[in-house]
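See below for the structure under consideration.
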Amino acid sequence: MKELHKLDNYDFDTLKSFINNSIEESQYIEFKSGEALSKKDAHKKEISKDVSAFANSDGGIIIYGISEKNHKADSFSFIDGNTFNKEWLEQIISSTINRNIPDLKIYPVRKSGNLKETLYVVQIPSSIEAPHMCREKRFYRRAQFESVIMEEYEIRQLYGRKVKSDLFLRGFSIGLDESNDDDKFCFKCETGVINEGEKLEKDYKINVYFSNIENTGLSFSWKKNGLTDNYHHTLMTNDEVKISAIGISTIYPNEVIDILRFNFFLKKQNILDSLKKIKIVFRLYYPSGEDILETEMITFLDDKEIKACYLK
């Protein structure tokens, strides 16, 4: 389920559910009554401050037209869309915040299509153009329920936001290996990392989780493939095991590195049951984020050698 501040669209029923469920304000959500949109200079400054604070932080939404009580959505406080339309709000934001915030979106929402009962959802990204200065010529960030003035070092750190590493798993390969014995099937597993960002990255790792493994005879080997001691094998529970591989070389922008390659084994006895239940999750970790891929061993049921084994 998507986070509330990252929805692809907002309609009246969605906003009504915020009230019905007493959704609480947070670092990512803020509620403003309809009176917050005003032609008064003080209100324009407040809009500028709040929107820039979200952009300088991790992004979020400001909903104009919902009143809060104890930092929870309480009731509708509609805006007259004839007086304050979407274009007016866009102009206030773009003219009072320096630099413009890319990918900012404004969703007009109306009760039964009535223009006089309008709400605006302003969806603000974590901006790659940060830091953004508001009309007061100050820099703000989000801190739980409010916008606070940023320290000098925080502003300085934001200048590096645009230049960062952006790592992804390049996919994965799992296949039946030729080195099967009488009792076990041998599978080979490989994956790697691609850097689509603008900065090199030194710190990253991949974990591979095998779950539902009880009574499958699952075991591992990586010596055959010449792998180094950056691999770690951890039995998390009787039904889950983890393989970890720490990146041992710097990955540069637009570079692809294969960092994980190992063999694993499954008992041929009851192989059909094993393939039906085992799940595998690949998880990449690095300072700026993570990436996840999942698969199930059931996809290998069509392999001829396996099929011949369980059809005997």
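The values are calculated or read from the model by the stated rules, or taken from the named source; none is laboratory data. Everything numeric in this text was worked out from a predicted model, so none of it was measured. Cβ: placed from backbone, ideal geometry, glycine included. Neighbour counts: every protein chain shown. Accessible surface areas use protein heavy atoms only, side chains included; no ligands, DNA or RNA. Shrake-Rupley method; radii C 1.70, N 1.55, O 1.52, S 1.80 Å.
Structure above, values below:
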{"quantity": "Criterion: among the aliphatic types (A, V, I, L, M) and either within 23 Å of the chain's Cα centre (by Cα) or assigned to a strand (DSSP E or B) (or both) - qualifying residue of ILE155, ILE101", "calculated": "ILE101"}
{"quantity": "Residue among ASP50, ASP41 that alone is of a type outside the set (Val, Ile, Thr) and open to solvent by 10 Å² or more (accessible area, probe 1.4 Å)", "calculated": "ASP41"}
{"quantity": "Pairs where the first residue, in the range 30-47, is closer than 24 Å to LYS72 by Cβ and the second is open to solvent by 50 Å² or more (accessible area, probe 1.4 Å) and not aromatic (Phe, Trp, Tyr), C-beta under 6 Å, 6+ apart", "calculated": "PHE31/GLU68"}
{"quantity": "Matching entry among GLN144, GLN123 (being touching a residue at least 40 places away in the same chain (Cβ under 8 Å) and either in contact with a strand residue (DSSP E or B) (Cβ under 9 Å, 6 or more places away or on another chain) or surrounded by 15 or more Cβ atoms within 10 Å (Cβ to Cβ) (or both))", "calculated": "GLN123"}
{"quantity": "Any chance PHE265 is surrounded by 14 or more Cβ atoms within 10 Å (Cβ to Cβ) and either touching a helix residue (DSSP H, G or I) at 6+ places or on another chain (Cβ under 7 Å) or at pLDDT below 90 (or both)", "calculated": "no"}
{"quantity": "Odd one out for THR83 among (1) open to solvent by less than 30 Å² (accessible area, probe 1.4 Å); (2) under 28 Å from PHE12 (Cβ atoms); (3) in a loop (DSSP other than H, G, I, E, B)", "calculated": "(1)"}
{"quantity": "Cross-chain or 6+ apart pairs with Cβ under 7 Å, the range 128-141 first and surrounded by fewer than 17 Cβ atoms within 10 Å (Cβ to Cβ), then not in a loop (DSSP other than H, G, I, E, B)", "calculated": "GLU136/LYS45; GLU136/LYS49; ARG138/ILE149"}
{"quantity": "Matching residues, the range 7-21, being within 23 Å of ASP58 (Cα to Cα), open to solvent by 60 Å² or more (accessible area, probe 1.4 Å) and in contact (Cβ under 8 Å) with a residue 40 or more places away in the chain", "calculated": "ASN9"}
{"quantity": "Residue in the range 223-235 that is open to solvent by less than 90 Å² (accessible area, probe 1.4 Å), touching a residue at least 40 places away in the same chain (Cβ under 8 Å) and more than 30 Å from GLU30 (Cβ to Cβ) present", "calculated": "no"}
{"quantity": "Checklist (1) touching a strand residue (DSSP E or B) at 6+ places or on another chain (Cβ under 9 Å); (2) of a type in the set (Ser, Thr, Tyr); (3) loosely packed, with under 15 Cβ neighbours inside 10 Å applied to TYR159, failing item", "calculated": "(1)"}
{"quantity": "Pairs where the first residue, in the range 291-307, is modelled with pLDDT of 90 or more and the second is of a type in the set (S, T, N, Q) and surrounded by 11 or more Cβ atoms within 10 Å (Cβ to Cβ), C-beta under 9 Å, 6+ apart", "calculated": "LEU293/THR191"}
{"quantity": "Hey, GLY197 open to solvent by less than 20 Å² (accessible area, probe 1.4 Å), modelled with pLDDT under 90 and either in a loop (DSSP other than H, G, I, E, B) or not β-branched (Val, Ile, Thr) (or both) or not", "calculated": "yes"}
{"quantity": "The one condition in (1) more than 23 Å from the chain's Cα centre (by Cα); (2) modelled with pLDDT of 90 or more that ILE124 fails to fulfil", "calculated": "(1)"}
{"quantity": "Qualifying residue in the range 194-207 (condition: under 19 Å from ASN263 (Cβ atoms) and of a type in the set (Val, Ile, Thr))", "calculated": "yes"}
{"quantity": "Residue count for the range 274-303, restricted to those that are within 21 Å of VAL193 (Cα to Cα), open to solvent by 30 Å² or more (accessible area, probe 1.4 Å) and hydrophobic (A, V, I, L, M, F, W, C)", "calculated": "3"}
{"quantity": "The range 154-166 residues that are of a type in the set (A, V, I, L, M), paired with ones that are open to solvent by 40 Å² or more (accessible area, probe 1.4 Å) and in a loop (DSSP other than H, G, I, E, B) (beta carbon under 7 Å, 6 or more apart)", "calculated": "VAL163/GLU198; VAL163/LYS199"}
{"quantity": "Qualifying residue in the range 181-191 (condition: outside any strand (DSSP E or B) and either open to solvent by less than 70 Å² (accessible area, probe 1.4 Å) or within 18 Å of ARG283 (Cβ to Cβ) (or both))", "calculated": "no"}
